[in-house]
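Just below is one structure, and these are the notes that go with it.
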Amino acid sequence: FFNVENKLQKVADLSERAVNKGRRLMVFTPDTELTLKLEHFLWTHPVTGFMPHCRAESDLASVTPIIIDSLGTQLTHNDVLINLQSQHPSFFSRFTRLIEIVGMDGADKAAARTRYSFYRDRGYDIKTFDAQGTAL
């Protein structure tokens, strides 16, 4: 997904859809600060509830549908990975689906182009979605 104005909102929306379909997610954050922001966001969105989540090191990680991690050292499942880091995760290929979320700023778009080329050059089938709804 590119041209995303609010990455945390996009993660919450995707998380809600995935959990409703019985999927498990790992959200790979760049640092502890964004991990804390995302945790808070998932406690308050949607407004009528919260999205069940925990950190990878939690004792509940094996049964919680949304795992938030910035290290990638404790991978508890291999279903869906949402990458919020600027680099491709070294372990991405073990997941059945990888979702990249790209913001509006130039640096984020440049890093995303590098990741896109990396995945494409390895033969992965890539689908892109413009969050703004404009044609490609």
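The values are calculated or read from the model by the stated rules, or taken from the named source; none is laboratory data. This structure is a prediction, so every number in the text was calculated from the model and none was measured. Quick reminder, even Gly has a Cβ in these numbers, built from the backbone with ideal geometry, and neighbours come from all protein chains shown. SASA here: full protein model, heavy atoms, side chains in, ligands and nucleic acids out. Shrake-Rupley method; radii C 1.70, N 1.55, O 1.52, S 1.80 Å.
Quick notes on this structure:
- Residues in the stretch 47-73 that are polar (S, T, N, Q), closer than 12 Å to PHE28 by Cβ and without any contact (Cβ under 8 Å) to a residue 40 or more places away in the chain: THR73 alone.
- Listing of strands (runs of 3 or more DSSP E) fully contained in the stretch 1-118 that carry 1 or more residues being open to solvent by 30 Å² or more (accessible area, probe 1.4 Å) and on the phi < 0 side of the Ramachandran plot: 53-55, 97-100
- Matching residues, the stretch 84-99, being within 17 Å of GLU33 (Cβ to Cβ) and not aliphatic (A, V, I, L, M): GLN85, SER86
- Residue in the stretch 40-50 that is modelled with pLDDT under 95 and touching a strand residue (DSSP E or B) at 6+ places or on another chain (Cβ under 9 Å) present: yes
- Condition check for LYS127 on (1) surrounded by fewer than 11 Cβ atoms within 10 Å (Cβ to Cβ); (2) more than 16 Å from LYS7 (Cα to Cα); (3) in contact (Cβ under 8 Å) with a residue 12 or more places away in the chain: one failure, at (3).
- Taking each residue of the stretch 98-109 that is at pLDDT below 95 and looking for partners that are in a strand (DSSP E or B) and open to solvent by 50 Å² or more (accessible area, probe 1.4 Å) with beta-carbon atoms closer than 7 Å, six or more apart or interchain, yields nothing.
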